[in-house]
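Notes follow the structure.
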Amino acid sequence: MSDKTPAGRRRPPAVLLVLGSIGLAVFVVPLTGLLARTPWADLPRLLSGEVVTDALRLSLLTSVLATCIAAVIGVPLAWLVARLELPGRSLVRGLVTLPLVLPPVVGGAALLFALGRRGLVGEPLAQATGLLLPFSTWGVVAANTFVAMPFLVITVEGALRNLDQRYEAAAATLGAGRWTVLRRVTLPMIGPSLVAGLVLTWARALGEFGATITFAGNLQGRTQTLPLAVFVALESDRDTAVALSLVMVAVSLAVLVVLRESWWKAL
């Protein structure tokens, strides 16, 4: 019998086990603290209050709208970045992914200067249509779209770059037009990545805080989403804040578990 151990089954060095366990604890300990502080017996009452239901309704509405907008404009953008030799494509890709690393409050300030009452686009838009985005529900949608759409763009772009274009070429040689190829070949083949990107976009929009409070404010029933409700409740009602936090953790974890590795494979 050979005493050689397969590489994948070798026992890792003790120092890696220790440091890796500490790294895991960075994520596990805060969540454990949240679970330990959760008032389980009072959860139904806490989650049925007016503030909570208003925030939940608004969060679901704005996150779904932001995801729909991201799908309409983000998928074409991903296709352009993936397939066209655009001048400055690296800069375009950097601009698209910038909201992922930009402090959310800075993103909210940028939206305010661009789309606010006196903003670069906001002022002529208000004069032409009467639409004021700051401190409105549509302002929440705009903030969510700005922060969350990069997840969809980079996921779809990665899928398009890894797609074997011979299938599209074969469809074209059989007489299929560009729109037919896109609808019947390209989109179905990147379907799993597209769904993963949409779900991640929705989850990120659902959890958006910094850009929302900076650009749209924190008005109950109009702009106060679940994360903002948690922020307010931390000062006045800790149990409600914990209950809302638990809901958001559960939703986020469920999304990641369902998607598993599909998003990472697309990158």
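FYI, it's all coordinate maths here, none of it is from the lab. Small disclaimer: the values here were computed from a predicted structure and weren't measured. Positions of Cβ are backbone-derived with ideal geometry, glycine not excepted, and every protein chain shown enters the neighbour counts.
The table below gives the values:
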item: 13 Å beta-carbon shell around residue 125, net charge (K/R +1, D/E -1); result: +1
item: Peptide ranges 151-160, 107-116, 222-231 listed from the most packed, as the mean C-beta count within 10 angstrom indicates; result: 151-160, 222-231, 107-116
item: Assigned charges on the beta-carbon of Lys, Arg, Asp, Glu; the stretch 126-257 dipole about Cα centre (debye); result: 500
item: Interchain or long-range residues, amide H under 5 Å from residue 135's placed H; result: 216, 217
item: Unit Cα scatterers, Debye sum, the stretch 138-267: log10 I(q)/I(0) for q = 0.09, 0.10, 0.13 Å⁻¹; result: -0.38, -0.46, -0.67
item: Positive dipole terminus of the chain, leading residue within 82, 132, 198 (C-beta point charges); result: 82
item: Residues listed by number, the stretch 102-127, amide nitrogen under 16 Å from residue 218 label point at 7 Å toward C-beta; result: 104-106, 108-109
item: Geometric extent, Cα atoms of the stretch 1-151 - Rg, Dmax (angstrom); result: 23.6, 83
item: Relative contact order of the chain, defined on C-alpha pairs under 8 angstrom at six or more residues apart (%); result: 29
item: Extreme residue, positive dipole direction of the stretch 39-190, given options 106, 68, 91 (C-beta unit charges); result: 91
item: The stretch 96-202: relative contact order as a whole-number percent, Cα under 8 Å and 6+ apart; result: 27
item: (i) 18.9, 65; (ii) 23.4, 75; (iii) 22.5, 83, with the label sought being that of the calculated Rg and Dmax of the Cα atoms in Å; result: (iii)
item: Cut-off 13 Å between beta-carbons: net charge of the residues surrounding residue 252, Lys and Arg +1, Asp and Glu -1; result: 0
item: Calculated P(r) tail over 17 Å for the stretch 10-61, as whole % of Cα pairs; result: 63
